[in-house]
Amino acid sequence: MPKFIVIGIHSDIPYEEQEVAFDPTPKDKVKVIVATNAAESSITLPDVDTVICLGTQKALRYDPKHHRVNLVNCFISKASSTQRAGRTGRVRPGNVYRLYTQRFFEETMNGHDVCEVKRVPLQDVILSLRTMLEDSEHFEGVVPLLTDMLEPPSVDNISKSFNVLHEANMIETNDDDGKLTSIGRMAGQLPVDLRLGRMVSLGILLGIGPEACVLAMALSIPKSVFRIASPSIHSNPDELNYIVTQTFLGMHLMDNGMYSEPLMLFNIYLHWKKCSVTGNQRYQFCDKLGLVFTRVKQFASSVDHLLERVAKGLEDQAIRRHRLE
């Protein structure tokens, strides 16, 4: 009989399957948690005796050459190292093993993580600030606000972000004097990134606004709505086979020969809305197709929220045009 119980903590694993990490460990077993940064700050397991810190993480980093964000493997900061050490010794003494030298910790690691405004292209930030503040009586542009931060972004990042907004027809000129266009004003009010906001705005102009909203959320969904089968987690062969079979069936039925994941998610949303809110219809729908109930529910709620924001944005723009006239 295996001595170790291995549990993964990862955003791609449904929460229901990670809950076993909180269960008491049998006396004849050793519980091993293999975790991402989720275990650093999002959860606390009281019965952890030992932490092994590799000193690395996957994090978003801004690439100034291509003006985009990349997910790269990099070293953590001293603050993160201390935070990881705090995962043990909650209810009894614990140990931390850091797989890097004391000298590396003291001389090479940064004290804190780089602030987010330096880790991302700024076009979304600039668009949001201008959307919120442009009609203010004392508004003098977003550049003074950005340069007045404790850790201001680079001038080059700001300049490239203005160019991106201008090329996307979000602002009239590629500098801080550029006024928002109607597309930019709408996109700035939506809880999606720049490109998806522009897609929704163009969808509205083409008369397919609701469909564009569903597809925008489908393209921005962070995790698959289907269950993921993993031999390291689902040790029972029957359970593993069941998950693989059900998810394959679900993908096949919802895709319906379109060979498009966004359109498949569009189909899932339509079927979800048709299911009765009362009773177990939605649970049965998810179980039959290998879907994670909480993720489908979150996806549908995100779509409904976006539709409400679009309706509010159109109403605000109509009021604004009326005032200008």
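The values are calculated or read from the model by the stated rules, or taken from the named source; none is laboratory data. The structure presented is a predicted model; accordingly, all values stated were derived computationally and were not measured. No Cβ is skipped: glycine too gets one built from the backbone with ideal geometry, and neighbour counts run over all protein chains shown. Note: accessible area is taken over every heavy atom of the protein model, side chains too, but ligands, DNA and RNA are not part of it. Shrake-Rupley method; radii C 1.70, N 1.55, O 1.52, S 1.80 Å.
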Under a no-solvent Debye model with one identical scatterer per Cα of region 73-175, what's log10 I(q)/I(0) at q = 0.12, 0.13, 0.16, 0.20 Å⁻¹? -0.61, -0.66, -0.78, -1.00
For region 192-281, what does the accessible surface come to per residue with a 1.4 Å probe? Please give it in Å². 59
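Only bridges whose two residues both fall in the chain count here: according to DSSP, what percent of them are antiparallel, nearest 5?
On the way: 10 of 20 bridges.
The antiparallel proportion sits near 50 percent.
What accessible area per residue, rounded to a whole number of Å², is obtained for region 1-146 using a probe radius of 1.4 Å?
Values: 9280 Å² over 146 residues.
Averaged over the residues of region 1-146, the accessible area is 64 Å².
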Please give the length that would be gained between Arg92 and Glu261 if that part of the chain were fully extended, namely 0.36 nm times their separation in residues minus their C-alpha to C-alpha distance (nm, one decimal). 56.1 nm
Residues of type lysines that Lys223 reaches as a straight line, Cα spacing below 24 Å, ignoring anything fewer than 8 places off in the same chain: Lys58, Lys273, Lys274, Lys288, Lys297
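Excluding Thr44 itself, what net charge comes from residues whose Cβ is under 15 Å from its Cβ, given Lys and Arg +1 and Asp and Glu -1? List each step's numbers first, then the result.
Details: positive: Lys31, Arg84, Arg87, Arg90, Arg92; negative: Glu19, Asp23, Glu40, Asp47, Asp49.
Its environment carries a net charge of 0.
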Note the listed values (1) 60, 29, 17; (2) 40, 32, 15; (3) 35, 26, 19, then indicate which one is semi-axes √(5λ) of the Cα gyration tensor in Å calculated from this particular structure. (2)
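Taking region 198-308, how much of its Cα-Cα pair set, in percent, is spaced more than 23 angstrom apart?
Numbers: 1977 of 6105 pairs.
In whole percent, the share of Cα-Cα pairs in region 198-308 beyond 23 Å is 32.
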Distance from the Cα centre of region 177-195 to that of region 198-270, in angstrom? 27
Longest principal axis of the chain (C-alpha) makes with the long axis of helix 293-324 (C-alpha) an angle, in degrees to the nearest 10, of 20
Debye intensity ratio I(q)/I(0), log10, region 250-320, q values 0.22, 0.23, 0.25 Å⁻¹ (C-alpha model): -0.95, -1.00, -1.12
The chain - percent of accessible surface contributed by carbon and sulfur, probe 1.4 Å: 55
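Where does each of 208-220, 256-268 land if you order them by average Cβ count within 10 Å, highest first?
Details: 208-220: 20.2, 256-268: 15.6.
Result, highest mean first: 208-220, 256-268.
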Residues in region 78-100 reached by a label modelled at Glu106 [backbone nitrogen below 13 Å; 7 Å Cα→Cβ]: none
As I understand it, the value is the acute angle between the Cα axis of helix 194-205 and the longest principal axis of the Cα atoms of the chain; what does it come to in degrees, rounded to 10? 50
Which value, in Å² rounded to 10, gives the accessible area of Lys29 with a 1.4 Å probe and all protein chains present? 40
Taking Cα atoms, how many degrees apart are the long axis of helix 123-133 and the longest axis of the chain, rounded to 10 and kept between 0 and 90? 60
For region 26-152, give me the percentage of DSSP beta bridges that are antiparallel, rounded to the nearest 5 percent. 65
